[in-house]
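**Student:** Have a look at the structure that comes next, please.
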Amino acid sequence: MASRGLPGFLRRSLRIRYDENDDDDEAPVSETFPPDHGSYVSSSLDSSEVTNDNADDRDSTRPQPPSPLPPYPATPLDTTTSAEDSTTPMDRGIAHADYQGERQTPLSESNSDDLKHSLPSHSTKPAPSDSLTDVSQSEQELAARSESTPEDLSTPFTPTSYRDSQFDKVIHADVVSLATLRPLTWNGIPPPHRALAWKLLLGYVPTNASRRSHTLTRKRAEYREAIIQHYDIADQNTRTLQEQECLRQVLVDAPRTAPDIPLFRNDRIRRLLSRLLYVWAMRHPASSYVQGINDLATPLIVVFLADYCYRDQLNQDDDGPELTTDPLHTVLQGHVMNHVSDERLDDVEADVYGCLTNLLAGIQDHYTADQPGVQRMVMRVEELVRRIDVDLCKHLAAEGVQFLQFAFKWMNCLLLREFSLPCVVRLWDTYLSESNGFEDFHVYVCAALVCQFSASLQTMNFETLFAFLQELPTATWTDKEIEMLLSQAFVLGTLFGGSDAHLVQHG
């Protein structure tokens, strides 16, 4: 059965909306986005510079949807997919019986030696010391590396379009205007600029270019000290039972993270992931570590590692891997780990930790006890789908399928297990451009995703439905399908955003 596209309710609403807009004078449109670039055209950009380092204009003009509305992409549906692998379960919260696993039990004193032997070693880290001299030397080493690889500019890049040249101009300004940067990032970020743009939008580095290098040096030194304080502990018996349990869970989950991607099967990457997750858990005891947080670190690792590798390739001729303009796919193969120095990898680890911390700060209640933030988002998706596709909701209810059974994972892992990592990176470009993209806009993306397969879902019984929703046929999706999904989510956000009407319970 072919996909029906948007329900008639949405089509009628959009026709009324656009007919009313036709009566008004047409507003001038910025030339930042050429007509042939993407699905959206941004309104005029604010050219004023932000003088405050932490300036963040959350009310900047959002891109406007095109007319007519693009249809849902016709994607072949595979109804033979199996249920999700139970080796990557949720540790907390409400989940279906088919999506659960054994919880790790606290460690006693008798088995603390096993933990000591299983703890990954990190020979490049200094031994714990109370000497101020050691701290000073650590900061001096980081400062020397910062001077050799300045962070105030993004990777060298030759613009190939008018939009790319505008992006290059904005991000290389002495003071980056976030109000100007956000509309540009909605339609995707040029790969050489992505790492710096993400750090700016997540508030990890200041918008003032003159202060960027010093800030990075300081934050990397602070993270280095956090590793010494929390992770590099010689006597494992000094950890509390709660700390031992957390460390055990982190060490178990690190090898399970993105196991199908060669990069994340590398031992150095697994040690990096283990350290930053455990340090984050120790510094955020309200939630500590919850399964799913490990997935959120993977896009940051890939983007920041690709930036370093691409920069090195431009600055020197060596026997390293040959990288293209977009090195993401090359980095995912894992061969770059044979050429990345420990110092560079330490910088990547510190940057990932800082950006992940800022990202999770906006969705902290997703990972506290009972994960109320995740449950709230699932409820919003269910109510939204009920408003736009009541037939689908009735069929799911008739078959006994609850939204919590499949959408919980979508919220907890932000669709990282539904899409390939390059597609997730493109999705995050748009999330970071939104004022609260990882919660509010993500709800509209998930609603658009389930409606994408509405026609096929309504022909399935319980077993087929559950298996299909647990493993969507999106493995072969590219940026094209992701941008179409974002287009549909934008329309839903335009129609229902700022209104509580779609949250009203219906009898």
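The values are calculated or read from the model by the stated rules, or taken from the named source; none is laboratory data. Here the structure is a predicted model, which is why all the values come from computation and not from measurement. Cβ placement follows ideal geometry from the backbone for every residue including glycine, while neighbour counts extend to all protein chains displayed. Quick note on the areas: whole protein, heavy atoms, side chains included, nothing else; ligands and nucleic acids left out. Shrake-Rupley method; radii C 1.70, N 1.55, O 1.52, S 1.80 Å.
**Student:** Among the listed pairs LYS169/LYS480; LYS219/LYS409; LYS169/LYS409; LYS394/LYS480, give every one whose C-alpha distance is greater than 29 Å. If you can, show how the numbers build up before the last one.
**Tutor:** Details: LYS169/LYS480 26 Å; LYS219/LYS409 32 Å; LYS169/LYS409 39 Å; LYS394/LYS480 31 Å.
Table pairs above 29 Å Cα-Cα are LYS219/LYS409; LYS169/LYS409; LYS394/LYS480.
**Student:** What ranking, highest mean first, results for peptides 296-309, 332-345 when packing means the other Cβ atoms within 10 Å averaged over each residue?
**Tutor:** Order by mean packing, descending: 296-309, 332-345.
**Student:** Counting only protein heavy atoms, what percent of the accessible surface of the stretch 340-428 is carbon or sulfur at a 1.4 Å probe?
**Tutor:** 49
**Student:** Can you give me the relative contact order of the stretch 329-424 as a percent, contacts being Cα pairs under 8 Å and 6 or more apart?
**Tutor:** Working: 36 pairs, mean separation 19.0, N = 96.
About 20 percent, as a whole number.
**Student:** Quick one: what are the phi-derived ³J(HN,Hα) couplings along the stretch 231-240, Karplus 6.51/-1.76/1.60 with θ = phi - 60°, whole Hz, x for glycine and proline?
**Tutor:** 9, 7, 10, 5, 9, 5, 5, 6, 7, 6
**Student:** What FRET efficiency do you get for THR240 and ALA475 if R0 is 35 Å and r is their Cβ-Cβ distance, rounded to the nearest 0.05? Could you put the intermediate results ahead of the total?
**Tutor:** Values: r = 42 Å, r/R0 = 1.19.
The calculated FRET efficiency here is 0.25.
**Student:** Not counting ligands, DNA or RNA, and with a 1.4 Å probe, what is CYS393's accessible surface area in Å² rounded to the nearest 10?
**Tutor:** Approximately 20 Å² of CYS393 is accessible to the 1.4 Å probe.
**Student:** Could you put GLU225, GLU383 in order of accessible surface area, largest first, with the 1.4 Å probe and the full protein assembly present?
**Tutor:** GLU225, GLU383
**Student:** Continuing with this model, one more query. Note down the accessible area of LYS480, probe 1.4 Å, to the nearest 10 Å².
**Tutor:** Counting only protein heavy atoms, the figure is 150 Å².
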